[in-house]
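The values are calculated or read from the model by the stated rules, or taken from the named source; none is laboratory data. Quick caveat, the model's predicted, so the values are computed rather than measured. Every residue, glycine as well, gets a Cβ built from its backbone with ideal geometry; the counts of neighbours run over all protein chains shown.
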């Protein structure tokens, strides 16, 4: 049945945070696959030793990840949305045509 595997650098997340991950990942899978598969949906969290995880040829440590966690996310500046405002155009007044 479904198996979700999560790899984390050790020492970054608390036991409580990992329990939350397991619960939320399970809930997400059940939303997709149906409630009847909850009892057989597995989530495995594997912790990788600090420094044994590499990104772009550089070792990533617990301290590196904690430094990333403490950074504020960049504030997105919303793009201006162009607005088109219809301008009323006066219609010409038509005179009734004379017959005859």
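Can you name the strands (runs of 3 or more DSSP E) wholly within the stretch 1-57 that have at least 1 residues being farther than 24 Å from residue 68 by Cα, in contact (Cβ under 8 Å) with a residue 40 or more places away in the chain and in contact with a strand residue (DSSP E or B) (Cβ under 7 Å, 6 or more places away or on another chain)?
Details: elements: 3-9, 42-48, 53-55.
Answer list for the stretch 1-57: 3-9, 42-48.
Given 87, 48, which one is surrounded by 12 or more Cβ atoms within 10 Å (Cβ to Cβ) and either over 23 Å from the mean Cα position of the chain (by Cα) or at pLDDT below 90 (or both)?
Exactly one of 87, 48 is surrounded by 12 or more Cβ atoms within 10 Å (Cβ to Cβ) and either over 23 Å from the mean Cα position of the chain (by Cα) or at pLDDT below 90 (or both), namely 48.
Based on what the data block shows, is residue 29 touching a helix residue (DSSP H, G or I) at 6+ places or on another chain (Cβ under 9 Å) and either at pLDDT below 90 or exposed (fewer than 12 other Cβ atoms within 10 Å of the Cβ) (or both)?
Details: touching a helix residue (DSSP H, G or I) at 6+ places or on another chain (Cβ under 9 Å): yes; either at pLDDT below 90 or exposed (fewer than 12 other Cβ atoms within 10 Å of the Cβ) (or both): no.
It is false that residue 29 is touching a helix residue (DSSP H, G or I) at 6+ places or on another chain (Cβ under 9 Å) and either at pLDDT below 90 or exposed (fewer than 12 other Cβ atoms within 10 Å of the Cβ) (or both).
Scan 15, 63 and give me the residue that is surrounded by fewer than 14 Cβ atoms within 10 Å (Cβ to Cβ) and at pLDDT below 95.
Numbers: 15 fails: at pLDDT below 95.
So the residue among 15, 63 that is surrounded by fewer than 14 Cβ atoms within 10 Å (Cβ to Cβ) and at pLDDT below 95 is 63.
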